[in-house]
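Please treat every number below as a calculation from the coordinates, not as lab data. On a predicted model such as this, the values are computed, not experimentally measured, just so you know. As a convention, Cβ positions derive from the backbone with ideal geometry for all residues, glycine included, and neighbour counts pool all protein chains shown.
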Amino acid sequence: MENMRCAEHPDVETNLRCGKCDKPICPKCMVETPVGARCPECARINKLPTFQVSNKQILVSSGVGLLIAVAYGFLWGMLSLFANFIFLNLLLGAGAGFLISEGMSRVINRKRGTKLAVIASILVVVSGFASIFTPIGMIYSSSPLFIILDILAVGIGIYVAVNRLR
């Protein structure tokens, strides 16, 4: 049995071969996979298509998310005045996170990823500001207790959005 030379490192003798393409590989090049030793080309692991988001998809998704965030923010501000139930604001914050992340995901065929989660988090904050700066929301948010609840609601919305898009 003659010694082979590594395809990547010709000065290294080896007896190893890639389990898929049968190319000679040295221990430095070898990638251990569940089905055995592979060369770097055969062992290349691609991301799942669900997590491969192009820049165009991020732009489209962000635009849709912004529309949802502003519209929901104004609705959030209106509902805050008419509903005296204090913890409704927390539910509205979670709703903002859900609707923004769901809208962003659906428009790009249910894609997910860290970039989308960060953008959705920012848009939940935008939605929270939109709810405060409606004419009705300005009256509602004048109390320190309600400001704290608004911040907590935005935090809950961010949590929901990130968990849906991560």
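Here the range 1-95 is assigned +1 on the Cβ of each Lys and Arg and -1 on the Cβ of each Asp and Glu. Its dipole about the Cα centre then comes out at about 240 debye.
Projected onto planes of every orientation and averaged, the convex hull of the alpha-carbon atoms in the range 36-96 covers 7.4 nm². The lysine pair count for the chain, using Cα distances under 28 Å and pairs eight or more places apart or on different chains, is 9. Applying 1/(1 + (r/R0)^6) with R0 = 45 Å to the Cβ-Cβ distance of residue 28 and residue 50 gives a FRET efficiency near 0.85. Less than 5 angstrom separates the built amide H of residue 17 from those of 25, all sequence-distant by 5 or more or on a different chain.
In nm, what is the difference between 0.36 nm times the number of residues separating residue 110 and residue 5 and their Cα-Cα distance?
33.2 nm
For the range 1-69, what D do you get in µm² per second when you plug the Kirkwood radius from alpha-carbon pairs into Stokes-Einstein at 10 °C and 1.306 mPa s? For these conditions, the coefficient is 106 µm²/s.
Computing Rg and the Kirkwood Rh from the Cα coordinates of the chain gives a ratio, Rg/Rh, of 1.36. For the chain, the 222 nm mean residue ellipticity estimated from helices alone, with every DSSP H stretch of n ≥ 4 adding -39500 (n - 2.57) and the total spread over all residues, rounds to -19500 deg cm²/dmol.
Magnitude of the charge dipole for the chain, about its Cα centre and with charges confined to Cβ atoms of Lys, Arg (+1) and Asp, Glu (-1), is about 360 debye. Largest mean-square fluctuation among 120, 37, 69, in a Gaussian network model of the chain whose springs join Cα atoms under 10 Å apart, belongs to 37. The distance between label points at residue 163 and residue 21 comes to 4.4 nm (points 7 Å beyond Cα on the Cα→Cβ vector). Residues considered: 99, 75, 16. Largest GNM mean-square fluctuation over the chain, using C-alpha springs under 10 Å, is found at 16. If I fit a long axis through the Cα atoms of helix 55-82 and take the longest principal axis of the Cα atoms of the chain, what angle between them do I get, 0 to 90°, rounded to 10? Result, in degrees: 30.
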